[in-house]
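Structure record follows, encoded as structure tokens.
The values are calculated or read from the model by the stated rules, or taken from the named source; none is laboratory data. Not measured: the values here are computed from a predicted model. Backbone-built Cβ (ideal geometry, glycine too); neighbour counts: all protein chains shown.
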Number of protein chains: 2
Amino acid sequence: MVKLKGFQKLTLTDEALEKWLSELQIRKPQAVLVSLQDALGRVLAEDLIAQEALPRFDKSAMDGYALKSADTFGASQSKPVTFQLTENQELAGKQAKQIWTGNPIPKGADAVVMLENTKRQYEKLEVWSQLPLNANISKMGEDIKKSDLVAKASIRLTPYQIGLAAALGYCQLKVSAKPKIGILATGNELAEVGTELSGNLIYDSNKIMISAVCRELGAETTDFGIAKDNIDEIVTKIKKILETQDAVITIGGTSVGGLDLVPDAVNKIGKPGVIVHGIALRPAMPTAVAVLSGKPVLILSGNPVAAIIGFEVFGRTMVSRLLGMTKTEPRPMLKTVLARRVAGVLGRKTYVRVRVALKDGEFIAEPVSAKGSGSISTMTQSNGFMIIPENREGVTEGETVIVHMFSSLEVDV
Amino acid sequence: MVKLKGFQKLTLTDEALEKWLSELQIRKPQAVLVSLQDALGRVLAEDLIAQEALPRFDKSAMDGYALKSADTFGASQSKPVTFQLTENQELAGKQAKQIWTGNPIPKGADAVVMLENTKRQYEKLEVWSQLPLNANISKMGEDIKKSDLVAKASIRLTPYQIGLAAALGYCQLKVSAKPKIGILATGNELAEVGTELSGNLIYDSNKIMISAVCRELGAETTDFGIAKDNIDEIVTKIKKILETQDAVITIGGTSVGGLDLVPDAVNKIGKPGVIVHGIALRPAMPTAVAVLSGKPVLILSGNPVAAIIGFEVFGRTMVSRLLGMTKTEPRPMLKTVLARRVAGVLGRKTYVRVRVALKDGEFIAEPVSAKGSGSISTMTQSNGFMIIPENREGVTEGETVIVHMFSSLEVDV
């Protein structure tokens, strides 16, 4: 008799993740040198250290006149001090030189008086205020000192870090090489997108979707096609992926016709094989995590939403580690008010798809009803996940919940 | 006497944006056909209509047995109804066929009984429950009907929309062509990144940073180099950009040495030229917005943070429109508690850089103190903006504020 659907024992999500990570031997990713342009969105592979100071020299923080602060002693609107204007590179006593924001401070000057506190008449300048040393000067290194740590390894580079690196004279940055992930779909019912459908076949949409999620995180994916529901074919294809890729993701075949085709194939290939199969995670219960040749093998359900949630939990963590991050990169989060009650199941973690909108200054999360968890359209109608933890039977209407956003907020203007 | 820093009149941010948009003649962007792989993150150019139904056929929502619901009339655990198992494509009366989740419903069947409610003995099946019509069947078109609108034009494509398009049999999608943006820096003090610095030059980090922000939004940028602080050179270079690009961004020269070099150059080129110069926006007051040949010209300050905020307000809107969006694409937002008081200025909109962290379940926004608004490091130390509106003198400690996130949340685990 075939093994029926349903697992003897479900492993808690965090426990499964921990077991998997401890069996994995993910090495520090290779570092590659890329131009600043190409560094956008990549993960920094080593600490970025300031190779010079910022500002590079003492500069004016205002439009005004550079002068010696001591020369302004006692100056006020009723008792101005008069300076001689000069164009020289170096100032002598009681000389002033016009200066604009960002200009270097000329030699002999140690303060800048704002335009508003002066009156110019031909080559004379009346100064109406007494200035302390370094007034209106941005000192060299005030922003960043030479050898300062300006960005930590393993952060994802934003345009602003790239701008800062440019200001510091970098024109290339060392980033983590893109992890190579091979993706295999399994299932007799699947046909490749772009082919003609016949009979009761359906398009394999999961592979292209999971590939996109991987690429969004900065991985490089290779499509290893579709395997039939046949252990030997699955074994051969997974072995092939392991030859060249850093990680394997399979989709489908976790409980086909009551058989665990892919987990069985993985266990046939080598040790330690499947670490956990059957997770207390809704709707991704049939997910399995495995290790072959020290590399992560993520076995996702063929149900599209289960595949998405299985990836969200295990795949995001895997890609983050392959990129050299010590933590799983979080999605943008949002505190919202739940629009109506959602049921969970005690002892299982539940991912609920919600649509968050900003209404009258309040973020409201509307659960997207899931008639059939297999339908991707519930994902395209939502923009975030709410997570019901294992110790809750559900979340009530009006409760404040954190939503993990995967798509743009709906803004009511 | 040169015109001094400070504008006769500052225009309110929203008013400036409105004036600019009403003068612009942004056409619907060209649509380009790309593969599903390449569609990730692009903006959909036309409504996506389901070319078939999902599911494509009636399928089982459970592992179990397909049968005719009427044959289960009166069945219960104490009074089971016995069926004959078959492997045929079509069922006769009182026949049942084993079926797995996702399998098509065989002819003659109109319900699926779950494994748990049956007992199999050789070729006989005892059914313990009475089933209504369509029990445990996902009906054809239940998820999506043929001709349904599945994604609206102008949305940014996520992996899930790509998955849905694949399931519907699409292998290409029409997306908006990438807007072409030419970027010019101006300033005698600037040197290109990658060159040797001499004297009091500084690296032009703004151009590469603003280019990255544009590319992050899906634009294609071209670097038009650095112009000296010379009106004729600036005129020539902006004209050159207009020949091939959809939009112009200049950085610097908005109030150099008291002169409005770039705004003056733009006005020399043609009508309407500068629409607004001087915005009640901190720290991006010297920003100007202009229109030449119907195309947007965004004139940013040379101060890095002012350039960033000027782009954030005007540039994001510009790129969103060029991509065919009717609204400015929002950043991920977050309701946070402000860690300490921040001052604003009545009558001006103020962008405050904050660092948001999740601490004990609470999102706390810590203002990043800005010693010198010119320092990009305040951007790399923060992960979001808080906006103080024109009618507020400041925001108090402990107040709830919305933060617009531009970088990963700091999660305290």
Name the one entry in B:Ile231, B:Ile238 that is of a type in the set (A, V, I, L, M, F, W, C) and crowded, with 24+ Cβ neighbours inside 10 Å. B:Ile238
Looking at segment A:280-290, which of its residues are farther than 23 Å from A:Thr380 by Cα and crowded, with 24+ Cβ neighbours inside 10 Å? A:Ala288, A:Val289, A:Ala290
Name the single residue that is modelled with the lowest pLDDT among those in segment B:353-363 being crowded, with 19+ Cβ neighbours inside 10 Å and at the interface with another protein chain (Cβ under 9 Å from one of its Cβ atoms). B:Leu358
Among the numbered conditions (1) touching a Pro at 6+ places or on another chain (Cβ under 7 Å); (2) loosely packed, with under 13 Cβ neighbours inside 10 Å; (3) not small (Gly, Ala, Ser), tell me where B:Leu91 comes up short. (2)
What single numbered condition from (1) within 17 Å of A:Phe311 (Cβ to Cβ); (2) buried (at least 23 other Cβ atoms within 10 Å of the Cβ); (3) within 9 Å of chain B (Cβ to nearest Cβ) fails to hold for A:Arg215? (2)
Condition broken by A:Glu366, with the remaining ones in (1) within 14 Å of chain B (Cβ to nearest Cβ); (2) part of a strand (DSSP E or B); (3) not hydrophobic (A, V, I, L, M, F, W, C) satisfied: (1)
Restricting segment B:248-279 to residues that are at pLDDT 95 or above, touching a helix residue (DSSP H, G or I) at 6+ places or on another chain (Cβ under 6 Å) and of a type in the set (Gly, Ala, Ser), the one surrounded by the most Cβ atoms within 10 Å (Cβ to Cβ) turns out to be B:Ala265
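Which strands (runs of 3 or more DSSP E) does segment A:197-283 wholly contain that include 2 or more residues that are of a type in the set (D, E, K, R) and closer than 25 Å to A:Gln30 by Cα? Steps first, answer last, please.
Values: elements: A:220-227, A:247-251, A:272-277.
Qualifying strands (runs of 3 or more DSSP E): A:220-227.
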Collect the residues in segment B:178-205 that are facing another protein chain (nearest Cβ under 10 Å) and under 23 Å from B:Thr317 (Cα atoms), keeping them in residue-number order. B:Ser205
Does B:Leu334 fit the bill of being part of a strand (DSSP E or B), within 11 Å of chain A (Cβ to nearest Cβ) and either at positive phi or not polar (S, T, N, Q) (or both)? yes
Among the residues of segment B:57-103, which ones are in contact with a Gly (Cβ under 6 Å, 6 or more places away or on another chain), farther than 25 Å from A:Pro304 by Cα and in a loop (DSSP other than H, G, I, E, B)? B:Leu91
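Residue by residue, here is whether (1) hydroxyl-bearing (Ser, Thr, Tyr); (2) assigned by TED's automatic domain parsing to the domain that holds A:Ile309; (3) surrounded by fewer than 20 Cβ atoms within 10 Å (Cβ to Cβ); (4) touching a Gly at 6+ places or on another chain (Cβ under 6 Å) holds:
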| residue | (1), (2), (3), (4) |
| --- | --- |
| A:Gln8 | no, no, yes, no |
| A:Glu23 | no, yes, yes, no |
| A:Gln37 | no, no, yes, no |
| A:Ala45 | no, no, no, no |
Applying the selection to segment B:184-225, what residues are in contact with a helix residue (DSSP H, G or I) (Cβ under 8 Å, 6 or more places away or on another chain) and within 16 Å of B:Pro263 (Cα to Cα)? B:Leu184, B:Ala185, B:Thr186
Pairs please, first residue from segment B:136-156 and more than 8 Å from chain A (Cβ to nearest Cβ), second anywhere and exposed (fewer than 15 other Cβ atoms within 10 Å of the Cβ) and not in a loop (DSSP other than H, G, I, E, B), Cβ atoms under 9 Å, 6+ apart in sequence or on different chains. B:Lys146/B:Ile49; B:Ser147/B:Ile49; B:Asp148/B:Ile49; B:Leu149/B:Ile49
Can we say A:Pro389 is under 26 Å from A:Leu21 (Cα atoms) and either in contact with a His (Cβ under 7 Å, 6 or more places away or on another chain) or not acidic (Asp, Glu) (or both)? yes
Tell me which of these A:Ile181 doesn't satisfy, since it passes every other one: (1) out of contact with any helix residue (DSSP H, G or I) (no Cβ under 7 Å at 6 or more places or on another chain); (2) over 16 Å from B:Ile202 (Cα atoms). (1)
Flagged in segment A:104-128 as within 50 Å of the chain's Cα centre (by Cα), surrounded by fewer than 21 Cβ atoms within 10 Å (Cβ to Cβ) and assigned to a loop (DSSP other than H, G, I, E, B), in numbering order, are A:Pro106, A:Gly108, A:Asp110
Exactly one of B:Val368, B:Val342, B:Val305 is more than 27 Å from the chain's Cα centre (by Cα), buried (at least 17 other Cβ atoms within 10 Å of the Cβ) and over 16 Å from B:Leu17 (Cβ atoms), and that residue is B:Val342
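Would you mention how many residues in segment A:178-193 are more than 23 Å from B:Leu168 (Cβ to Cβ) and part of a strand (DSSP E or B)?
3
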So how many residues does segment A:36-57 have that are more than 10 Å from chain B (Cβ to nearest Cβ) and modelled with pLDDT under 95? 2
Considering only segment B:166-177, I want to know if a residue exists there that is within 11 Å of chain A (Cβ to nearest Cβ), assigned to a strand (DSSP E or B) and either crowded, with 18+ Cβ neighbours inside 10 Å or under 20 Å from the mean Cα position of the chain (by Cα) (or both). no
Exception for B:Gln161 within (1) at the interface with another protein chain (Cβ under 8 Å from one of its Cβ atoms); (2) buried (at least 24 other Cβ atoms within 10 Å of the Cβ); (3) over 21 Å from the mean Cα position of the chain (by Cα) falls at (3)
Spot the failing condition for B:Trp128; the list is (1) in contact with a Leu (Cβ under 8 Å, 6 or more places away or on another chain); (2) more than 9 Å from every other protein chain (Cβ to nearest Cβ); (3) not polar (S, T, N, Q), and only one is missed. (1)
Out of A:Thr350, A:Thr336, which single residue is touching a Ser or Thr at 6+ places or on another chain (Cβ under 8 Å) and not aromatic (Phe, Trp, Tyr)? A:Thr336
Taking B:Leu346 as meeting all but one of (1) of a type in the set (A, V, I, L, M, F, W, C); (2) away from chain A (no Cβ under 13 Å); (3) touching a strand residue (DSSP E or B) at 6+ places or on another chain (Cβ under 6 Å), write down the number of the exception. (3)
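Regarding segment B:195-202, can at least one residue be identified that is touching a residue at least 12 places away in the same chain (Cβ under 8 Å) and surrounded by 22 or more Cβ atoms within 10 Å (Cβ to Cβ)?
Looking through segment B:195-202, none of the residues is touching a residue at least 12 places away in the same chain (Cβ under 8 Å) and surrounded by 22 or more Cβ atoms within 10 Å (Cβ to Cβ).
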